[in-house]
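The values are calculated or read from the model by the stated rules, or taken from the named source; none is laboratory data. Every value quoted in this text rests on a predicted model; they were computed, and no experiment measured them. Because the Cβ atoms are built from the backbone with ideal geometry, glycine has one as well, and the counts that use them run over all protein chains shown. Keep in mind that these areas ignore ligands, DNA and RNA; they rest on the heavy atoms of the full protein, side chains included. Shrake-Rupley method; radii C 1.70, N 1.55, O 1.52, S 1.80 Å.
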Amino acid sequence: MNKIHRDGVDVSAAFQLASKRMRNRLAVQGASVQGDTTVTNDPNTGQDIPQEVVGRSWIKKVLRPVAKFGFRLAKPLLRPIASRMRSYLLDGLHQNVVHEIRNASAIAAQEGHATRELLRSYAQSQQEIRRALASTVQELRALRELQPHNRSRQLSNLASQGLQEWIDNIHSRLDRIEEYGYATARRVAIPCSQGDVLVKTEVGFILCAASDHALLACLIDTGDLELGTRLLIQKFLRPGDVFVDVGANIGMHTLAAAKALHGQGQIIAFEPFEPTKKLLERSAWLNGYANLVQVHHAAVSRASGKMNLYLGATSGHHSLFHLDSVSGRQMSGPVEVEVPVVSLDEVVPASQRVDLLKIDVEGAELDVIEGGRELLASNKSIGLIVEFGPSHLRRTNHSTVDWFNVFARLGFHYRVINPDSGVLEDWPLEQLERVDSANLFFARDNSVAWRKVAA
């Protein structure tokens, strides 16, 4: 017998073997179904194949080219029908996608325009600094280059021409250069995820909504909000004190208080607008005050429940009362949202010592006082910082006299906080009614709070 030696896999042999086995199975199945089925001998293998199998194979060979020819004939007719069906089914989806793309492009264009305006302001300030420096350097160089032998004569001539005025001008320019330098050092704004902007301020880094252009412009320009009130808070609070911030907004005063406490004490903040509340929490964590600051997602009023918060042009103007105008606000979102409402007495127990309470609630000041009577009664030495605004009184149907009488009946007397220095000033009611708004400091007679602000 001949032996066949194989070095590898013979593919053709494997296919022949598989074909042979398949024919055998077909033959056996055909025989089992119809014992008298006509068979045909396969010349290649010598096996008998049922005639029925041979017939089916022949039919397939005949019909396959016929089917291909029919498909080629029908293809020009079916293609436009299929195209119209596809267009009909995808047209609505296409319009939605185009609409979303246009909306996203519009929002991106608005944010890009605001960013370009901020960068243009920054570039202009840089140019002013360079021009002032160049002018000052030229004048100083001219003074230095005076010849020694006639310097005294030239100086006397300068004196006769107004040397003191020239020196004062130099000092003024140097002061302006220093001011621009400090402002430039504060102008740090970093775009972050989720449409937020991180801004460096006088109290630390604060997160703001990228769409709040008025707030961003103010922070980038000055690095501060309500400078005088911030200075008073930092002057008043001592390590270990308790500060309650009603209407905390992005947290400028909350962070100022935390900075003054030096890690010892407690801050209880209330912010009803949830996106702003989340920014406040992240800012407190970012500056290392997360363990010191407790933030409540709620507005403060007379009692707990639910109320509508009307959204203003910037985050600091949201109010529980209808706004006179929302001009300048991006109207892509709702103009009002439902928020939880609590009272001070429900959240802060009367036994809790509170040293300073700040109220900035755009017209709901008297409701906050009414809901915190027990807390105010138990804290005789408490100091209050309350925003006063004639427009708020008109919106809530209160007169100036009635508004101040509520505080007077509780034993509180006021002085006006200077918006730049934080110094307390005496203003009559007539003068207060002529301003847009003012922050007032309240305390009871002979209270230690007056000694704190006077120190």
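The table below lists the values:
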item	result
Selected residue (only one of VAL435, VAL448 is out of contact with any strand residue (DSSP E or B) (no Cβ under 8 Å at 6 or more places or on another chain), under 11 Å from GLY383 (Cα atoms) and touching a residue at least 24 places away in the same chain (Cβ under 8 Å))	VAL448
Residue satisfying condition, being under 19 Å from GLU365 (Cβ atoms) and part of a helix (DSSP H, G or I), within set ASN439, ASN405	ASN405
Residues satisfying the stated conditions in segment 216-245, i.e. modelled with pLDDT of 90 or more, surrounded by 19 or more Cβ atoms within 10 Å (Cβ to Cβ), part of a helix (DSSP H, G or I) and hydrophobic (A, V, I, L, M, F, W, C)	LEU231, LEU232, ILE233, PHE236
Qualifying positions in segment 356-375 - in a loop (DSSP other than H, G, I, E, B), within 25 Å of ARG451 (Cα to Cα) and open to solvent by less than 20 Å² (accessible area, probe 1.4 Å)	GLY372
Filtered residue count, segment 252-270, keeping only those that are more than 22 Å from ALA350 (Cα to Cα), open to solvent by less than 40 Å² (accessible area, probe 1.4 Å) and out of contact with any Phe, Trp or Tyr (no Cβ under 9 Å at 6 or more places or on another chain)	2
Test: residue in segment 338-355 that is under 22 Å from GLY228 (Cβ atoms) and open to solvent by 40 Å² or more (accessible area, probe 1.4 Å)	no
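Conditions (1) modelled with pLDDT of 95 or more; (2) in contact with a Gly (Cβ under 6 Å, 6 or more places away or on another chain); (3) more than 30 Å from GLN264 (Cα to Cα), marked per residue:
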{"residue": "GLU365", "(1), (2), (3)": "yes, no, no"}
{"residue": "GLU370", "(1), (2), (3)": "yes, no, no"}
{"residue": "LEU376", "(1), (2), (3)": "yes, no, no"}
{"residue": "ILE382", "(1), (2), (3)": "yes, no, no"}
{"residue": "GLY389", "(1), (2), (3)": "no, no, yes"}
{"residue": "ASN397", "(1), (2), (3)": "no, no, yes"}
{"residue": "VAL435", "(1), (2), (3)": "no, no, yes"}
{"residue": "VAL453", "(1), (2), (3)": "no, no, no"}
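Yes/no matrix, rows are residues, columns are (1) more than 32 Å from the chain's Cα centre (by Cα); (2) of a type in the set (Ser, Thr, Tyr); (3) open to solvent by 50 Å² or more (accessible area, probe 1.4 Å):
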residue	(1), (2), (3)
ILE382	yes, no, no
SER391	no, yes, no
ARG394	no, no, yes
ASP402	yes, no, yes
PHE407	yes, no, no
ARG415	yes, no, yes
ASN418	no, no, no
GLY422	no, no, no
